[in-house]
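The numbers here are math on the coordinates, done by the rules we state, and not lab data. On a predicted model such as this, the values are computed, not experimentally measured, just so you know. Glycine also receives a Cβ, built like all others from the backbone with ideal geometry; neighbour counts cover every protein chain displayed.
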Amino acid sequence: MAPETKLISRPTQKSLQHRTIAAAVAESLRHRILDSDFKAGFPLRQDALASEFGVSRIPIREALMQLEAEGLVKIHPHRGAIVSELSTDEVQELFELRALLEPRLLRASVGHLTPNDYNKLSQILQEYSAELRANHVRRWGELNTEFHMLLYGHAKQPRTLAIVANLLQECDRHTRLQLSLTDGMKRAETEHAELLHLCKSGQITDACSLLKTHIEDVGKSLRIYLEQHQKADGT
C-alpha cells in the first residue's frame, strides 16, 4: 500500500497579500518614528491608519506588532499602540549587549574579510561621510548597520549575528539621535575609519578594543543627553 500523502498547507493568496501590505505599512511607520514625525507617546490608532493607507485593520495590526518587536512601539491592552518612550535603562541595556557581542563577532570575522569586503566597507564610509554632511538623517542608521554587519559577516556565528542584527535595528533610532543631538558626528566618522584601518592592517586586538569603546561611548553620550533632557522637561 502506498504511504499516505500528507497535504502541506500553504498560506492563501489573501494572507500573503496581507503580509506584503503589512511590511509596507511597517516601513512607512518606521520611517516616521525614526524621523521624529511621530514623537514618543504618539497614539497609533488602527482605524485611522487603516483609513490613511486604504487597507483593512489586519495588515495594520501586523505592522504594529512588527514595530513592537523592534522596540519602536508599545501595544497596551486598553490603550492601543503608542510610539515607545526612550529610556536611559533601555539605552544602557542595548549598548551593553552590543559592546559584549560585537567585539566577539569582529574577532571571529576579521581574518576572513576579503579585499572586496574592504572595498565595500570603504565605500560605505564614504557614503556615510557624505550623508552626515548633507544631514540626510534617515541614511545614518542604515549605513551604520550596513558597516557593522559587513565587518561581522564572516564570523560563522549565525545566532549571535542574528541577535546583533536585531540590536542594531533597535538602536537605529538611538544612533540617529546620538549623531543629531550630541557631538557624535565627527567622532563616529573618525572612529569608523580607524576601526577599518586596524582591521585591514591586522591589528585585531586593538580593533576589538576600539569597537568596544566606541559602542560604550555612544551609549554613554546618549544616556547623558536623555538624562539632561528629562531633567529639563521635569520628567
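Highest mobility in the GNM of the chain, judged by mean-square fluctuation with C-alpha springs under 10 Å and restricted to GLU62, GLU52, GLU90, is found for GLU52.
With only Cα atoms counted, region 15-83 has Rg and Dmax values of 11.0, 31 Å.
Look at PHE147, PHE42 and count the other Cβ atoms within 10 Å of each Cβ; fewest to most, that gives PHE42, PHE147. What residues from region 18-43 fall in the zone where the backbone N is under 20 Å from a label point 7 Å along the Cα-to-C-beta line of ALA69? Zone members listed by number: 18-34.
Exposure proxy for ARG19, ARG223: other Cβ atoms within 10 Å of each Cβ, ordered fewest to most, give ARG19, ARG223. Remark: relative contact order (the chain) = 22 percent; criterion is Cα-Cα distance under 8 angstrom and separation of 6 or more residues. Placing dummy labels 7 Å off each Cα toward the beta-carbon, the span from HIS197 to ILE163 is 3.2 nm. Largest mean-square fluctuation among THR145, THR190, THR175, in a Gaussian network model of the chain whose springs join Cα atoms under 10 Å apart, belongs to THR190.
The ranking of PHE38, PHE53, PHE95 from fewest to most other beta carbons within 10 Å of each one's beta carbon is PHE53, PHE38, PHE95. Here each label is just a point 7 Å from Cα along the line to Cβ, and for ALA23 and SER56 those points are 2.0 nm apart. Amide H contacts of GLU85: GLY41, each under 5 Å away and 5 or more positions distant or on a separate chain (H built 1.01 Å from N in the peptide plane; Pro and chain starts excluded). In plain terms, the chain from ARG32 to ARG79 could stretch by 14.9 nm, reckoned as 0.36 nm per residue minus the Cα-Cα distance. GNM remark for the chain: springs join alpha carbons under 10 Å apart, and the peak mean-square fluctuation among ARG133, ARG104, ARG173 falls on ARG133. Secondary-structure-derived ellipticity at 222 nm for the chain, considering helices only, amounts to -25000 deg cm²/dmol, per-run term -39500 (n - 2.57) for DSSP H runs with n ≥ 4.
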